[in-house]
Amino acid sequence: MTLETMILTMSSGMIEAMKIFGLTVLGSLPLGMIVALLKKSRFAIVRWFISVYISVIRGTPLMLQLLAWYFGPYYLFGMNIGNWRFPALIVGFVVNYSAYFAEIYRGGIESIPVGQYEAAEVLGYTPTQTFMRIILPQVIKRIMPAVTNEVITLVKDTSLAFSLAYAEIFSLAKQISASQASFTPFIIAGIFYFVANYVVAFIMKRIEKSMDYYK
Amino acid sequence: MILQMNNIRKQFDGLEVLKDISFGVDSGEVVSIIGPSGSGKSTLLRCATFLETIDGGEIWYMGEAAARTDASGHAVYVGKNELRRFRSYYGLVFQQFNLFPHYSILRNLIDAPIEVQHRTRDEATATAMDLLRKMGIEDKADAYPYQLSGGQQQRVAIARALAMKPEILFFDEPTSALDPELTGEVLKVIRQLADENMTMVVVTHEMSFARAVSNRVLFMDGGVIVEQGSPEEVFGNPQEERTRRFLSVFER
């Protein structure tokens, strides 16, 4: 196999990895906020459920969770879902990352001084207005560094999709390496990940900068 | 009466902070509340502005009851939306300013009038610019709070409260977070508002200011109003031993 075909084959794997990455970001950023808000619910049962969810997700390996989502429906419930590999991956990643984002959001929300809520309340803002107009913009600015960290980790975590034999770049690298008895595919994969994260870090930095106008 | 509070009771974890306090504020009146820390004066202000819920008693604004005591002696508030309407009657200036850091100075002043009171942007902006001019900081309209000195931030906070066109303005130790040199510029603005007959209640440790500006002074200690009267009466000829002892600290 020439280097060119190797790179070409692996590029398609990179596209698959980016699909996992993109869908996970799109799903878990908003879902994490919902989880963070539910954790402050006035119903104790909801708060308890969210706490269990977060501690299970954080306490078990993501790879295990992916396997559970993929094989669980069949082995636990005897369900045969066609084409379940990719959906299972996305569900696994979104559910996992939502828990981490929820904790980041919660920390951000709790770091806003109570005076901001009181000022908004006295001015007559509704609780929803207060959150959307006053609290959330400040939370986003404060959590950006932590979110950047998570997002960069996610780019690398997409490689865990190999555990479901999904043909993303890492799975392909392993296959090609084995069949060609070559280490080159891993070097190519490493470069791909590095470049992807360089781009991600650059974009996140730009977003952070755009909020630099206030302190 | 703009504000009338009757028999206000409030406890925190069994500790009585306000013990059966009654007081009212007439239109155009400037009332100063003085007293040692922990005397309940800030809590009284926070109860008047609904930031704390009273346990018992009545709160009236403009002849309308916001909270009343039911048969069992517990305070019952009007509904949430009703309460929000009451908030348009008053403004509150905090010790820590609490400006919105992500909004420009102008936006701090116009956001609530537009979003809460549904006034037009043009009208809200015109009002805001007038207020900034009055505060002597119209050149800061496009700046952000962190770029201003503490004294300027507090003047913005006063303007933000006034932009809502309240009937009464509360100040919770408005100069306690400021350097002595910045205190003066904030007090000057409050004095100017007093000259324009703005109704105000000021919790303060600035005795000479309280004496010069207020129509009435309340001395609070241990959750009760120990003494009240004109500044001349309270400062010049205090009747209660507790008041004399408190004021003597400031004369040294």
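Values for this structure:
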item	result
In segment B:147-173, residue surrounded by the fewest Cβ atoms within 10 Å (Cβ to Cβ) [restricted to those that are part of a helix (DSSP H, G or I) and of a type in the set (A, V, I, L, M, F, W, C)]	B:Leu162
Hits in segment B:214-226 - residues which are surrounded by fewer than 21 Cβ atoms within 10 Å (Cβ to Cβ) and more than 27 Å from B:Glu196 (Cβ to Cβ)	B:Asp221, B:Gly222, B:Val224, B:Val226
Members of segment A:175-187 found to be over 24 Å from the mean Cα position of the chain (by Cα) and part of a helix (DSSP H, G or I), listed by number	A:Gln175, A:Ile176, A:Ser177, A:Ala178, A:Ser179, A:Gln180, A:Thr184, A:Pro185, A:Ile187
Meets criteria (small (Gly, Ala, Ser), part of a helix (DSSP H, G or I) and more than 19 Å from the chain's Cα centre (by Cα)) for A:Gly82	no
Filtered residues of segment A:36-74 (kept if in contact (Cβ under 8 Å) with a residue 40 or more places away in the chain, open to solvent by 90 Å² or more (accessible area, probe 1.4 Å) and among the aliphatic types (A, V, I, L, M))	none
For A:Thr158: the one exception among (1) open to solvent by 20 Å² or more (accessible area, probe 1.4 Å); (2) more than 14 Å from chain B (Cβ to nearest Cβ)	(1)
So A:Tyr53, is it within 14 Å of chain B (Cβ to nearest Cβ) and aromatic (Phe, Trp, Tyr)	no
Residue check, A:Val122 under 18 Å from A:Ile34 (Cα atoms), of a type outside the set (Phe, Trp, Tyr) and at pLDDT 95 or above	no
Whichever residue in segment B:123-146 is without any contact (Cβ under 8 Å) to a residue 12 or more places away in the chain and under 17 Å from B:Ala112 (Cα atoms) and, among such residues, is nearest to the other protein chains (Cβ to nearest Cβ)	B:Glu123
Test for B:Asp179: is it open to solvent by 10 Å² or more (accessible area, probe 1.4 Å), more than 14 Å from chain A (Cβ to nearest Cβ) and acidic (Asp, Glu)	yes
Long-range neighbours under 7 Å by Cβ, at least six apart or interchain, first residue at negative phi within segment A:76-105, second outside any helix (DSSP H, G or I) and surrounded by 13 or more Cβ atoms within 10 Å (Cβ to Cβ)	A:Arg85/A:Tyr166; A:Phe86/A:Tyr166; A:Leu89/A:Tyr166; A:Ala102/A:Lys39
Failed criterion for A:Ile134 (all others in (1) facing chain B (nearest Cβ under 10 Å); (2) β-branched (Val, Ile, Thr); (3) more than 28 Å from B:Met164 (Cα to Cα) hold)	(3)
Spans of strands (runs of 3 or more DSSP E) in segment B:195-252 with at least 3 residues among the β-branched types (Val, Ile, Thr)	B:199-203, B:224-229
Selected residue (criterion: least open to solvent (accessible area, probe 1.4 Å)) from residues of segment B:81-115 that are basic (Lys, Arg) and within 9 Å of chain A (Cβ to nearest Cβ)	B:Arg87
Residue selected from segment B:1-37 under the condition closer than 13 Å to B:Ile225 by Cα and part of a loop (DSSP other than H, G, I, E, B), by the criterion least open to solvent (accessible area, probe 1.4 Å)	B:Gly35
Filter pass, A:Glu121 being under 18 Å from the mean Cα position of the chain (by Cα), in a helix (DSSP H, G or I) and surrounded by 17 or more Cβ atoms within 10 Å (Cβ to Cβ)	no
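Yes or no, residue by residue, for (1) under 22 Å from A:Pro61 (Cβ atoms); (2) within 14 Å of chain B (Cβ to nearest Cβ); (3) without any contact (Cβ under 8 Å) to a residue 12 or more places away in the chain:
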residue	(1), (2), (3)
A:Glu110	no, no, yes
A:Gln116	no, yes, no
A:Ala173	yes, no, no
A:Pro185	no, no, no
A:Ala189	yes, no, no
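The values are calculated or read from the model by the stated rules, or taken from the named source; none is laboratory data. Because the structure is a prediction, the values reported are computed rather than measured. Glycine also receives a Cβ, built like all others from the backbone with ideal geometry; neighbour counts cover every protein chain displayed. Areas reflect the complete protein model, heavy atoms only, side chains present, ligands, DNA and RNA absent. Shrake-Rupley method; radii C 1.70, N 1.55, O 1.52, S 1.80 Å.
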